[in-house]
Each structure stands twice: as structure tokens, then as C-alpha cells.
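One structure is given below, encoded as C-alpha cells.
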Amino acid sequence: MLKVGLTGGIASGKSVVGEMFVAFGAHLIRADEISHELMRPGQKVHDEVVAHFGRDILDSDATVNRAKLAEAAFSPGPSGASRVEELNRIVHPAVIRAQEEWMEEVGHSDPNAIAIVEAALIIEAGAAKRFDRLIVVTCSDEQRVARFATRQKLDLDAARKEVERRMAAQLPEAEKVKAADYVIDNSGSLDRTRQQVEEIWAKICPAVHSRLSGDTPEVQ
């Protein structure tokens, strides 16, 4: 099995790229979906997040309101800095454990599998070394803002401010690109993005068989 990390900045199009890899036969799990599960009422992560950020982040049914949590995490705390790192220290270890368990299950059921974990903060969480290959998705700043505005139903000015605030809590895109084995530029058409996915798929598929035979081919 080949373990692949799929990452990129906010609204770069990671989910679209991930679905394209699934269409070629990859197994995919999203860190965001894992964190949603971990934050359900009754889960340990849910209780820890509430203990740190207060009950104001909850809806009436005790579920975590993601928008309220984001506002609390990205807003300045008592020290003047955002509390994103505080949130990450609670959530990331549990998410990484769940990812590892999922990849182990996939490997047992299909030794030839390509298992992809889509996560925004793979590098920031110190998890890059857990993967055999790292793919970074990029796009232009204007596209990022426009996509975020559409997704969150914001005007462009509000979206730009929020994107800048959130990107400040991540590594600069240039640093992510330096760490990548492969980079997908999602600034063009979907057909162009799909072509890049297909090219990468053609390179990583032989890597699975090489690992099974004990060879270690170079990344191209």
C-alpha cells in the first residue's frame, strides 16, 4: 500500500482533486470529516474543545457550531495571538490516530491500495513523514478568495479578510510546495486539473508494486 498525503491552502480545491483520485481508484479519507466525528457530543475531543473554548461555541443540541469555533480559534486570545494552536493541540493527535487506523484497515483489505488522506495541515501538524508521497494543491489568491466567498456565502471583501486570517495560521503556500513530491496547480480548468491528477496517478501506481517487491523508485 502507498500512503499519500493531499494538502494545500484554504479553498485551493483539495476536495475536488481528492474525488478525481477516487475516480481513478484511490481510497480517500478527509481529516475534516474525522474531526467532525470526533467533535460529536459524548466524544473526548468534544469535551476538551468545550472545556477550552466555552459553551458559547455550542448549538442548542450541544453540537459544536463550526463557525463559532472558527471565530473563537482565529480571534485574538488574552495574549493577543489567535488560539488556533490551542485548538490544534486538542484535535490533531486524535485525527492523526484515526487516520493511521484507517490506513491500516485499508492496507489489510487491499495491499495494492493507494490510500489518500486529505488534510489542510499535514505539514503544520508534523504528519508529513507518515506518508510515502505528499501532494500539494495550489491556486491563485483571487481564485481562493472567490471560492471561499461562494462556499461561505460572503462578499469578496469579507472573504478576503477571512482567507488572509486563516492563511496566516498555516505555512505559506511556497513552503508547502517545497515539501511536496507533486504539485497540482488548480488555477485552470477542471480538465487541466484532471490531467495533472492522471499524470500523478500514472507515477504513483507503479510505486505501490515497487514497494511490495522491495524496490524504492525515485520520485519524479
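Annotations for the structure displayed:
- Simple Cβ-charge dipole of the stretch 2-213, Lys/Arg +1 and Asp/Glu -1, about Cα centre, in debye nearest 20: 240 debye
- 3J(HN,Hα) along the stretch 167-184: 5, 5, 8, 10, 4, x, 4, 4, 5, 5, 4, 4, 7, 7, 7, 9, 10, 10 Hz, from the Karplus curve 6.51 cos²θ - 1.76 cosθ + 1.60 with θ = phi - 60°, whole Hz, x for Gly and Pro.
- Cβ crowding within 10 Å, taken as a proxy for footprinting-reagent exposure, orders 59, 132 from fewest neighbours to most as 59, 132.
- Full extension of the segment from residue 19 to residue 43, taken as 0.36 nm per residue of separation minus the current Cα-Cα distance, would add 5.8 nm.
- 176, 161, 3, 153 arranged by Cβ crowding within 10 Å, fewest neighbours leading: 153, 161, 3, 176
- Multiplying the residue separation of residue 202 and residue 185 by 0.36 nm and removing their Cα-Cα distance gives an extension gain of 4.4 nm.
- Relative to the dominant Cα principal axis of the chain, helix 190-213 is inclined by about 60°.
- Alpha-carbon centroids, the stretch 75-92 and the stretch 20-70: separation in whole Å: 16 Å
- Principal axis analysis of the Cα atoms in the stretch 2-213 yields extents of 53, 38, 29 Å, listed in decreasing size.
- Helix 14-24 axis, angle to the chain major axis (alpha carbon atoms, nearest 10°): 30 degrees
- Computed from backbone phi with θ = phi - 60° and the Karplus coefficients 6.51, -1.76 and 1.60, the 3J(HN,Hα) list for the stretch 91-100 is 8, 4, x, 5, 5, 5, 4, 5, 4, 4 Hz; x is used for glycine and proline.
- For residue 6, the residues whose modelled amide H falls within less than 5 Å of its own, excluding neighbours fewer than 5 places apart on the same chain, are 117, 118, 119, 135.
- Rounded to whole Hz, the Karplus (6.51, -1.76, 1.60) HN-Hα couplings of the stretch 159-164, x for glycine and proline: 5, 4, 4, 5, 4, 4
- If R0 is 25 Å, the Cβ-Cβ spacing of residue 151 and residue 79 corresponds to a FRET efficiency of close to 0.25.
- Cross-link partners of residue 68 among lysines, defined as those whose alpha carbon lies under 18 angstrom from its own and excluding same-chain residues fewer than eight positions apart: 153, 161.
Every read-out reported here was derived from the displayed coordinates using simple, explicitly stated rules and does not represent laboratory data. Model, not experiment: these values are computed from the prediction. Here the Cβ is made from the backbone with ideal geometry for all residues, glycine too, and neighbour counts use every protein chain on show.
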